[in-house]
Every structure is written in C-alpha cells, then in structure tokens.
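First the structure, in the form of structure tokens, and then the observations on it.
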Amino acid sequence: MAQEAVISKFPNPIPRPKSDTGIWSWITTVDHKRIGTLYGISAFIFFLVGGIEALIMRLQLARADNDLVSPEVFNQLFTMHGTTMIFLVVMPLSAAFFNWMVPLMIGARDVAFPRLNAFSYWTFLSGGLLINLSFAFNSAPNAGWFGYANLTEGAYALGNNTTFWVIGLQVLGIASLAAAFNFLVTIINLRAPGMSFMKMPVFIWMALIVQILLVLAFPVITVALIELQFDRLYLTNFFNPDAGGEPVYWQHMFWLFGHPEVYILILPAMGIVSEVLPVYSRKPLFGYAFVVFAGAAIAFMGFFVWSHHMFTTGLGPAATSAFALSTMAIAVPTGIKIFNWIGTVWGGDVKLNSAMLFSIGFVALFIVGGLSGVTHASPPTDAQQQDTYYIVAHFHYVLFGGSIFGLFSGVYYWWPKFTGKFLNEKLGKIHFWLMFVGMNLTFFPMHWLGLDGMPRRIFTYAEESGWERSNEFATLGAFIIAISILVFIFNYFKTSRGGEVAGADPWDGRTLEWSIPSPVPVYNFVNIPEVDALDDWWVKKYPETILHEEAHDSDGEQLAPAGAEDIPLVPKVSPEKLLGADHGIHLPDKSYYPLIAGVGITFFGGSLMSAWWLTLIAGLITLYGVLGWVFEPVNDPEDHH
Amino acid sequence: MEHHEETTTGLSHRKLLMWSFLGSECMFFGSLIATYLVYRNQSKVGPWPDEIIDVPLTTISTFVLLMSSLAMVLALNYTQRDRPKLARFWILMTAALGSGFLGFQAFEFTEFFHEGLTPRINLFGTTFYVLTGFHGAHVTLGVIWLLMMSGTVTPTGKSGVSLLATLLAFYLGMVGVLGMVDVIPDIEGSPSVIIFIVGLILTLIAGAWHFSIDTTMSVKHQSENIEILGLYWHFVDIVWIVIFTVIYLVSANDGEHLTEGLLHG
C-alpha cells in the first residue's frame, strides 16, 4: 500500500506519447530495435559526410602543388574526417548493432533502461550535429582528431574551432557512457535463463568487453578535455609550459583513452565476424573460449600500451622499451583470434555470399593492418614511420578493412532479420569487390609513400618528391570506394521496394535471433527462451549433431530432436493479445524526456560559446528533461488496471 | 507499484547501474588526482602548499564528511527497518553534514584566494582548485539528491511544501556561510552572520514541521533507492579520503625548496 509523494507529480504539459506510427512515435521510441535503426541511418549519413571530406582531401592531394583547398580548410577536413569516422560512424554503427542484436541474442525483450537508451541516441545525434554545425561558422575543428596541446591552447588555437571540438566530444562522451552503463547492465542482468557467460554468443562477449572499455576509458578523455578547456577559458596551467605545465601530459591522457578507443572500434566488428563465419561455414566457431579470452586479454592489455603513440616524444629508453614490449605482446591474443577464424572456415561447407565475403575480407585486411601495426611496435622502425603516411595506411587497413568491412558483413547478415527481406546478392558482391579493390588501391600505396617520407596532415607536396603517381592511385581508389557505396545505396532502395522476402531463419543460423520471425515483432520473443547450450538455436534444431553428452538440457533431460512443427516460429496468438496487462508482456511506454534531456545537454554545451542567458535557458530545458524523466514511471499507470 | 524484476544475477538493474557509474567515476577522479600528482612540485611561483594548507581545519571538515557517511548508513538502516521519522531525520542530517563540509570548502577556497592562490597563478592552484572543485560539485549534487529523497519518505500532501521550506532554509544557511567568508561580494561581515543564524533557525523550524507530519506510512519500499543514493554518497566520501591523503597529508609540506616531480627528476 505504498503512497506516491506529491513531488512525484511533475508538471507534464504534453501528454505521454502512445501512438505506434508516425514520426512522433520514432522521436519518442524506447524500443531497442527502432533505436538501432535510428543509429544505423544516422551513422550511415555521417559516413557519407566523412567520405566526402576524404574525397576532397584526395582530390587536393592527387596533384603536387595543388590549390583546390587552402591549408586552413585542409586542416579542418582531416580533423573532421577523423573525428566523424571514429565518433560519428564506427561507434554509432557498433551501437546500432548492440541495440538491435544484444537483446535478441540474449533472449530479452529490451535493454535494461529503454529511456536511457533513447537518451544516448538523441545525445549522440545532437552532438554530431553540433560539431558539424561548426562548418556553418567556418570554425570546424582544425587541430587533428587528437587535439594535441599546446597547439590547442588559447594562445595558438584562436577562434571557436577547438571549443566546438571539445564540447562536441564531451556531449558524445555522455552519450557513449550512458549507453555503456545500459548495455553493461543488460548483458549482465537480462540474459535468458540458462545462458551462462560461456554460453553467450561471441558478439555479446565483445559487446560486454567494449562497454567495460568505454566505462574505464571515456572518463580519462573527459578530464583531459576539461583541463584543456579550462586552460583555454580560465587560463589555468595544465598544459602551459611557462608555468611548468607539460604538453606531453596531454598526449599521455589522450592516448590512455585513445588506445582503448581503438579496441572499442574493432571489437564489435570482430564479434560480428565471429558470428558470420560459423554460419556460412556450417561449423561452430573454432576455439570459442580462446576467442572470448583473447578479446578480454586485448582489452585488458590495451590499457598498457598507450605510449606507443608517443615513441618519438622523448620518453626515455626505459618507458619506450616497456611500451614496445607490451605492444608486441598484444599482437598475441589478436593472432589467436585470427587463427581461430581461419580454423572456423577450414573444412566447412562454405557459402560465399556478401556477408561471408565481407567477413573474410575483414580477416585478410585486418591481417595486413595488424602486420603494419607490429612494425610500429618496434621504436626504431616507428621513429621512421611516425607522422608519415605509413601510419595512415596502418589505421585505415584496421579501421576500414577491419571495422567497416566487419560492420558491412553484419549489415548483409542481419538485414533479413531487421527488415524481413534480403539485400540483393549480386549487388552485394559488386559492392564488396569494388570496395575491396578501391580500399587496397587507396591505402596500400600509402605504405611506401610513408616509408619514402611523405608526412601526414600536409595539404600539398612538391612535384620533385615523386609522390604524385602513388597519390593519384590513392585518389582513384577513393572514388572506387565511393562508387561501391553508391551500389550499396542503390541496393537498399531496390530491395526496399521489391526485395526477396526472407523467413525467420534464412541462413540456418546458430543464435537465438533466428528463432523469432523476420521482421522482429515488437515484443521480440513470445516466451523468453530457456537456454541449454552455446549456439542454443542450432542445438535445438540439430541436437543429433552435437556430442552425445551435450544433448541434454541443464536438468539432465535428453533434448528431443526438433521437427519443424515443434518450433513455434510464428506465435499462435495474435500480437495485440500478447501486449497488455492480462498476458504478462509489459513493454515500456514511449517517452519524450530522453529527447529533451539529450537535446538540452547539447544545447547547453553549444551555448557556452555564446550568450549566458542561452546557457541558462538550455540548463532549464535540460533540468526539465531530467526531472520529468526521473518522476515519470516506466509505464503509464493509467494504462493498466 | 511494486514489481519484482527478475534479473540474471538477482541484483537490481538500478543498483548495477550505479556501480557501473561509480566505476567510471573512479577513472574520472583518478585522472584528476593523477594530474595533481604529476604536477606536484612543478610550480614555478608560489603560493606553495606549505604556506597555504591548513591541515587541522581540513581534518575537521573531513571528519564532518565522514560523519555524514555514518548518517547515511543510519538513514538506510531506518528505512529498511521501516522507521519513517528516523529515516527522514538521518537523510536530512546527511545533507546537513554534507552542506557543512561544503561550507568548510567555501571558507577554505576564499581564504586561499585571499592569500593569493588562484587557479591561474601556478600549477598548484590549477590542480588544487580543479580537483577539489569537481569533488565539491559531486557533493553538492549529492546534497540536492538527499534533500529530494527526504521528501519521498514523507507521506503525500504536506511533503512538497515542507520540503520546499527545508530547502529554502538550507539555501539561506549556505548563503550565510558563503557570505561570511566573502564569496558573495555584497554580503559581508555581520549581515551574513545574521543570515546564517536565521537560516539555521528556519532550518530547524522547517525541519521540525517536516518531521511533525504524520509518518505512519511505510517507507520500506524506498530501501533500494536510499541504498543507491548511499552508494553514491559513500563513494564521494571515499574519493575525499584519497584527495585529503594526497593533498593534505602527503603534499602539505611541499614548498619552494622542493622541485622533484614525477615528470622531471
């Protein structure tokens, strides 16, 4: 007989949204599937923005002594390209997959905190728009995506460029942290009965590890950015050499965040590849436990290698040696994963469709990027490579050949689950081959350009350097990549109009998401599944293919061989009857407070660059969003009796 | 509406969320403390710690904050044992002790300012104010949260008004404290003493009213919320123990004569 205190009746001028259709239902959604779609679309649009920034740079660099863009504009281009691709493309695309797939693969109806989930998305979108708004003021960030002090200090970085960067990253950091807490709790606390940690799909393991990395790494850059902005605004001395401050300390803090960040960027794609390869080889993942532990080892060791980004800053032989050793060591768990992926496909009944091609492409290209990475681990060779195009080659092989290829593999693999339709296979293969060729043509020449001494972040170079021919190839490759993306976009529109319909389990999959209809009903599962084994869906379908001892469930009962009619792919009860208090499936109601809070925070951050009363208004809006959210029950009590 | 959520670990989602958040806060404060340590003895000009730091005074404020954690434990205990009046008393006492700590901080900041330590004068000023300032901000948010939670262990109808009254009284008291230490420029000397005393009396009156309200209502269902608040509050206290140790115990005698630091030998 609990009573509600008066203060819980927060003023609610707009009635709580209820409709399931229309744009307002998307704006107020708390459904992880819709939020996943929103992340995916937004990230893809930012991918095009970052891609155009790249194409302009490639046009500028295709010719020696070129003057297509000025050095100032070029600085903004490479800064925004990096910032966009990392924070507005790869991370949100990973978030799109976490959103869509984590609840489905663990057998849950949604994430632990659906409104917090929506808040993460709206904060991310607002932050991304804010940082790109800087272009309108001709003040796009221009000091590199890593913003080295003291170039970024007030005395040298005049104007609002770096301020836009700092505020944008802080806002995006809030979005990422909120999502990290959410998925951490979801994966730990919302797994279906029977799904112990070692029965989780590898994608879920990688997702869990990434959330832990986010929680531990982002606060470090938060502090670094606060210290930088305080130096710029309040003339504190964190990176001021005249007062004894140390610019190198910025690099330490940035890379303490920055190195775990690159594992945040690659582990989701590695998780996707670990799901795709087994399905299209019709074999279980080779060495599941090794793949999982290697992922955890990479994440853990990733906190001890940061100064390999600083080998040329004069750290001294002791520090330099230590970081060289730890960096070389981290290649070991990475190699373990590679061998296990190869072992998965080896001897399998292999189907080379688009999703599989992208995953195999991931493995091949990541090996190339990993090899150049290993050469960076040696300080003498790194001294040659640092700040040259060799580094650009390395990280594009791992981030483009790695993360982007892995994410596209996930797109083709899970597209039937999201939409109920296949993406066109022929177009998919054209996309893959064009992108593969284009990517290698763009980035492979950068290895020898770097070794020949071409520095990074230069807007032009002299003809005498002899670099023009390789740069021309790189630019050609970039446009081939662009064409491949157009093929993908065309594929999307073609299949959304009349694509081939896919059923619940078109790939004969191994994991729980394939046990429910495509597209997924709003409640996900009619009944929360009882999990008995790793790759539980496969085991339920083909208990005779696994070892005799494993063909028992956790109670010791023999698993019955499943016939198609035994597995309910389509609920026999209509969805409308399932939702509602009488049938026990409670889904959280929509809310507009996450949107208000997210936009409010971004508005607050942006307004710090203008009038104080704008900041006050933004603060009040944010406060309204947060308090309204705090006092709003998860479900509207008037709906249920 | 009470509902039992089934979770894989048996822990509630919200408690797990708070633990995850505190994990990130460890890295947040860890970075700020690391910055302080890295820049120890690197200031080129004074004021130096040994001229400024007043260990006895800060020991008292540390004690006050520690006692607030004790009050928090008692608040949780009485909530779980369904003793609404005592639960509410101890939540408000936690807030009061926390505000007291903040008052000491405000006093200390102003004193240091008057002695010439500003955030921009040297590295000690920069790192000191930013580290302790962010800690103080966390305490402030905690106090606000405590005051709001005290309303949830009070029954319907009168809690809003009485809570508002208590909040106002606290505010006046804080204004008085801050004014007494010249932080607010227009309120100096004796008027602020009067405001402080008035604030104190109003707090006692409003608090008494808050307590006089019928409290036969059960508050046990708020146990988890109070526990989660307690987690945050104890964490903020533990961070202060670390900060106090680093700044006031370890580096209190750093002075002009010392130049050994972590970055330069």
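None of the figures in this text is laboratory data; all of them are computed from the coordinates on show. What you are looking at is a predicted structure, and each value in this text was computed from that prediction instead of being measured. All Cβ positions, glycine included, derive from the backbone under ideal geometry; neighbour counts span all protein chains shown.
Other chains near B:12-21: what is the mean number of their Cβ atoms within 10 Å of each residue's Cβ? Display every interim value, and only then the final one.
Values: counts 3, 9, 3, 2, 7, 9, 2, 3, 12, 6.
Mean partner shielding for this stretch: 6.
Calculate the mean, over all residues of peptide B:109-120, of how many other protein chain Cβ atoms lie within 10 angstrom of the residue's Cβ. Let's see the in-between values first.
On the way: counts 0, 0, 0, 0, 0, 0, 0, 0, 0, 3, 5, 8.
The per-residue average across the peptide is 1.
Note down the magnitude of the dipole of the protein assembly as shown about its Cα centre, charges +1 on Lys and Arg C-beta and -1 on Asp and Glu C-beta and zero elsewhere, to the nearest 20 debye. Could the numbers behind the result be given before it?
Details: 42 positive and 68 negative charges, 305 e Å.
Magnitude of the dipole: close to 1460 debye.
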Can you list residues from other chains, or at least 5 along the same chain, whose modelled amide H is less than 5 Å from the amide H of A:K421? A:A502
Once amide H atoms are built 1.01 Å from N in the peptide plane, which residues 5 or more positions from A:T388, or in another chain, come under 5 Å H to H? A:R456
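Magnitude of the Cβ-charge dipole of region B:52-127, K/R +1 and D/E -1, about the Cα centre, nearest 20 debye?
Values: 5 positive and 5 negative charges, 105 e Å.
Using Cβ point charges on Lys, Arg, Asp and Glu, region B:52-127 gives about 500 debye.
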Separation of region A:214-293 and region A:139-188 by C-alpha centroid, Å? 12
Quick one: of B:K15/B:K85; A:K283/A:K541; A:K199/A:K540; A:K33/A:K417, which pairs are farther than 18 Å apart, Cα to Cα? B:K15/B:K85
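May I ask you to derive the FRET efficiency for A:F493 and B:L66 from their Cβ-Cβ distance with R0 = 56 Å, giving the value to the nearest 0.05?
Numbers: r = 64 Å, r/R0 = 1.15.
That gives a FRET efficiency of 0.30.
Ranked highest first by the average count of other Cβ atoms within 10 Å around their residues, in what order do A:193-206, A:495-508 fall? Walk me through the numbers before you get to the answer.
Numbers: A:193-206: 20.3, A:495-508: 14.8.
Those peptides, ordered most packed to least, come out A:193-206, A:495-508.
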Just tell me how shielded A:109-121 is by partners: mean number of partner chain Cβ atoms within 10 Å of each residue's Cβ, no decimals. 1
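May I have the convex hull volume per residue, in Å³, for the Cα set of chain A? Walk me through the numbers before you get to the answer.
Values: hull volume 113.0 nm³, N = 641.
Per-residue hull volume (Cα only) is 176 Å³.
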Summing +1 per Lys or Arg and -1 per Asp or Glu among the other residues with Cβ less than 10 Å from A:T511's Cβ gives -3
Please identify which residues in region A:609-634 have an amide N closer than 12 Å to a label point set 7 Å out from the Cα of A:L233, following the Cα→Cβ vector. A:609-612, A:615-616
What ranking do A:H396, A:H586 get, fewest neighbouring Cβ atoms within 10 angstrom at the top? A:H586, A:H396
The simple spin-label model distance between A:W448 and A:T375, using points 7 Å out along Cα→Cβ, in nm, is 1.2
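For the ranges B:93-99, A:64-70, what's the packing order if you count other beta-carbon atoms within 10 Å of each residue, average per peptide, and put the highest first?
Details: B:93-99: 24.0, A:64-70: 13.3.
Packing order, densest peptide first, comes out as B:93-99, A:64-70.
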Going highest first, how would you order A:431-438, A:308-315, A:405-412 by mean Cβ packing within 10 Å? A:405-412, A:431-438, A:308-315
Förster radius 41 Å - calculated FRET efficiency between A:E472 and A:S321 (Cβ-Cβ, nearest 0.05): 0.50
Determine the calculated [θ] at 222 nm for the protein assembly as shown from helices alone, applying -39500 (n - 2.57) to every DSSP H run no shorter than 4 residues and normalising by the residue count; nearest 500 deg cm²/dmol. -21500 deg cm²/dmol
What whole-number distance in Å separates the alpha-carbon centres of region A:37-79 and region A:332-399? 25
Extend 7 Å from the Cα of A:A155 along its Cα-to-C-beta direction; within region A:227-246, residues with backbone N under 15 Å of that point are A:231-246
Treating only the Cβ of Lys, Arg, Asp and Glu as charged (+1, +1, -1, -1), what charge dipole size does region A:31-508 show about its Cα centre? Round to the nearest 20 debye. 1780
